[in-house]
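Written below as structure tokens is the structure these notes are about.
Computed from the coordinates by the stated procedures, all read-outs in this text should not be read as laboratory data. Treat the numbers as computed from the prediction; the structure is a model and nothing was measured. Note that we place each Cβ from the backbone using ideal geometry, even for glycine, and neighbour counts take in every protein chain shown.
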Amino acid sequence: MSHTFQLDGANIGFEPGQTVMQAALAAGHYIPHLCYHPEFKPHGSCKLCTVKVNGRTLASCTMPAEAGLEVESNTDELNALRRTLVQMLFAEGNHFCPSCEKSGNCVLQALGYDLEVHSTGFRHQYPDRPVDASHPEVLLDFNRCILCELCVHASAEVDGKHVFALAGRGIEKHLIVNAESGQLADTHFSVNDKAMAVCPVGVILRKEVGFSQPIGMRRYDARPISAQALEDAPRVPAGDSHE
Amino acid sequence: MFSCGTSVVPSLEPILLKHGNDAGQLLQILTDVQQAFGYIPPEAVNRIAAHLNIPLARIRGVASFYSFLKLEPHGEYRLLFSDNITDRMLGNQSLLDEMCRQLWLQPGKVSEDGLVSIGLTSCTGMCDQGPAMLVNGRVITRLTPQRVREIGDLVRRRIPLEDWPAEYFVVEDNIHRAGPLLSNPFTPGDALRAALGMGEAEIVDAIKRSGLRGRGGAGFSTGLKWAACQQAPGSEKYVVCNADEGEPGTFKDRVLLTRQANWMFEGMTVCALAIGAGRGYLYLRGEYRYLLEPLQDVLQQRREAGLLGRDILGHAGFDFDIEIHLGAGAYVCGEESALIESLEGKRGIPRNRPPFPVTHGYRQQPTAVNNVETFCSAALALAMGVDNFRAMGTEKSSGSKLISVSGDCARPGIYEYPFGVSVQEVLDDCGAVNTLAVQISGPSGICIGPNEFNRKLGFEDLPTAGAFMVFDDSRDMFEVARNFVHFFAHESCGFCTPCRVGTSMLKQTMDKIAEGHGTRHDLAEVENLDLVLQTTSHCGLGRTACNPVLHTLKHFRPAYESKLKSLDFEPAFDLDGALARARRMTGRDDAGAHLKAEDV
Ligand SMILES: Cc1cc2nc3c(=O)[nH]c(=O)nc-3n(C[C@H](O)[C@H](O)[C@H](O)COP(=O)(O)O)c2cc1C
Ligand code: SF4
Ligand code: SF4
Ligand code: FES
């Protein structure tokens, strides 16, 4: 009983060290998220997971779970904020979903559907972000980068290669490649890298296999992201109950 | 002065050596390289990467975060005009235009001969003696058309900066009202001696009893902060003094650093004694680089006087020393956790909290971060006795406070008051007349109108980090807010979605309104952006970035509405403007080559 908090009225058990997001997902409760990935240390930059705790709004993926917290997540107010954040991300980059290889497998797009984002809301920024097609097997289409940093961490921490980094500040922030030329071909990047797999959107793409998985049979075609994310979340090991 | 090609490599060795070949010193290394070469040449990036064994992209990532570091040449002379609203009110824009004419140059471009570039920079902290500019990082105050012409001439003649007239670089203190902090009657060592007579817990207790609250803005109890640091387990502890002073309109730390540096270092040393720290850092904003050598001299004097170094004042085992780190043009680095990241040589991104710096700060060790004025006040409280300190000011805001007054008034400068002084009193003292509004505590603070001038400065009513910008009734408060919105967009670190995208969109919408294309729909959008910024941003920058607009909309809505078109919708995209290039190419400018508003 001591290791529980309330999420939208439900009791959520947690282990010390877990964040609100981790505990919620493990207990089968979905909080929308984009930059959080169960295999990496929470980053806290997209702010889609914003919840309200005792009247304060904060990111649930980085907020340590504490006994007795009263957390609101699935409210009209918070979902409206999330909708605006998704609209901001769509307007910031160049996202033409119908022609994107990631369509149907894309977390941003899936969140857009799930949160019922019907229009982009803001004027588009149309940033100029040239693609990097230098690598024989991989295409980098920076137009869709949402700066979640997952590839940066995956490449550094799992692949041990430091292929990606962030540069610039504010709206000029962008992803760069660790090579004097700045080109992916001049790195040790490989299609088997973890960084290849973590990108939630359509930036890091395998060449020559485009659309091999037909639209309609993709990850978020079958079920909404709110259901899929729960399936992907690490569960509390059987027999280890916190109620 | 500026070499290129492979010749950079030999001059890199001493820089790397000076910083102990330590990747944690990357920002300091890059700052020195920038200073030596006028930019950070590609060969230097390669060399540093190889030498420190870090990815090249990390160096590019750090360098591109800070405004004063450049990965491409930016001219032998880089001229940056300070662009706070107070500089604007003093005519910086026409001076910039004049400079561009003088040097045949467009803002943001480097001249073809690589001689010079001209641009804007955020508030340089010279609001009481603007308009100001930075030339290769050196501040020049009190610009006039005459001075601008002279500077243009010096640049064209390639006169080295060291040989420019000394009076350009004079920074005055402009103290108009002094109190115990500025007319400090104590001698260095007094506070330390008082502290050495107490135990560690007693010092913290005394600071708690003094009621001292942080002077950097948030007003957190200094005693509680030190207590948390003292109790936190850690192999090393650190004291960090925040001299980033980036909030536009604030320049009181500049004067304390000039006049009371010894006393500030004394406060840091007392803190070190209380929490058990062996090392301290002063994080000095790049704009105040001219204070670096004088500050180092003060540190040296303190070492010689036994007030710093080993066995301080003869107390065996009380070892503490202070190092100065330079910032490089990033307002967000004033936020304490971003400051720590920057001290560690990284991009200045605010950390996720908890854990807080008091337990996991510099190098993940317990760290007390305080403002310049807080350390000065802590030393003062101990030297004068905490009860005497507490007797100054008000119940919840003890002590005195430095106010940086600028804008429309006869006597801009520094005023020290006990907390509780009313806005009207300050206005009277500085000779402000026909005042329309006062911006308290900078763009992230609050804007008040005449019906609130009886309010009092202090944590009970109007908390302030010190900025006090005065606007008289000739000013357009919409333009004031627009300048602040530009500031936040420029300074957003870009980490979180709401602030990265939101400040930029807010800027575009404010510009659209300023250009006369705004509609009611845009005002609604501004209000929506404000809400998202305020509730979902990662740090105080984003959470307060909407304040200028919220407050001016509240008090001065007509200033916005008078600029709106009566239309409910106006495209963000200027269709007729987009045809300008085609018109130029075809040499046409007749009515048929324009789209009329009603067609659009
Ligand atoms: C965007 C931002 C900028 C800040 N800039 C400064 C600054 O320039 N100087 C400062 O002392 N505090 C600044 N702060 C406040 C610091 O985070 C921190 O609260 C302060 O250094 C603590 O010292 P104090 O308790 O002595 O005030 C800033 C905060 C934010 C969110
Ligand atoms: S490339 Fe993909 S994983 Fe990397 S930062 Fe951009 S969106 Fe995130
Ligand atoms: S609020 Fe702005 S400055 Fe703060 S972390 Fe987010 S982007 Fe960076
Ligand atoms: S999922 Fe929490 S901030 Fe992105």
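Structure values in brief
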{"item": "Distant-in-sequence amide H partners of B:V369 (H built 1.01 Å from N, under 5 Å)", "result": "B:V240"}
{"item": "Net length gained if the chain between B:E112 and B:Q93 were fully extended (0.36 nm per residue, minus Cα distance)", "result": "4.5 nm"}
{"item": "Simple Cβ-charge dipole of chain B, Lys/Arg +1 and Asp/Glu -1, about Cα centre, in debye nearest 20", "result": "800"}
{"item": "Average Cα contact separation per residue, region B:478-561, under 8 Å, 6 or more apart, as relative contact order %", "result": "36"}
{"item": "Relative contact order (%) - criterion: Cα under 8 Å, at least six apart; region: chain B", "result": "13"}
{"item": "Test item: Cα-centred dipole of the protein assembly as shown, Lys/Arg +1 and Asp/Glu -1 on Cβ, debye", "result": "320"}
{"item": "Among B:156-167, A:120-131, the order from most to least packed when residues are scored by Cβ within 10 Å on average", "result": "A:120-131, B:156-167"}
{"item": "Under 5 Å, built H, 5+ apart or other chain: amide partners of B:C123", "result": "B:D83, B:N84"}
{"item": "Per DSSP, loop trypsin sites (Lys or Arg not before Pro) in region B:37-146 with at most 15 further Cβ within 10 Å", "result": "B:K109"}
{"item": "3J(HN,Hα) from dihedral phi, region A:69-80, Karplus parametrisation 6.51/-1.76/1.60, rounded to Hz, x for glycine, proline", "result": "5, 10, 10, 9, 10, 8, 10, 4, 4, 5, 5, 5"}
{"item": "Cβ neighbours within 10 Å from other chains - mean over B:499-509", "result": "5"}
{"item": "Residue-span extension gain [B:T144 to B:Q35] - 0.36 nm each, minus C-alpha spacing", "result": "36.6 nm"}
{"item": "Vicinal HN-Hα couplings computed from phi for region A:5-21 (Karplus, 6.51 cos²θ - 1.76 cosθ + 1.60; Hz; Gly/Pro x)", "result": "9, 9, 10, 6, x, 8, 7, 10, x, 8, 9, x, x, 6, 8, 4, 4"}
{"item": "Shielding by partners, peptide B:353-359 (average Cβ within 10 angstrom, other chains)", "result": "1"}
{"item": "Cβ crowding within 10 Å averaged over residues, with B:513-523, B:24-34 ranked highest first", "result": "B:24-34, B:513-523"}
{"item": "Long-range HN-HN contacts of B:L436 with modeled amide H, under 5 Å", "result": "B:F471, B:D472, B:D473"}
{"item": "GluC sites (Glu not before Pro) lying in DSSP loop within region B:228-298, provided at most 14 other Cβ fall within 10 Å", "result": "B:E236"}
{"item": "Phi to ³J(HN,Hα) by Karplus 6.51 cos²θ - 1.76 cosθ + 1.60 over region B:335-350, Hz, x for Gly, Pro", "result": "5, 4, 7, 5, 4, 5, 4, 5, 4, 7, x, 10, 5, x, 9, x"}
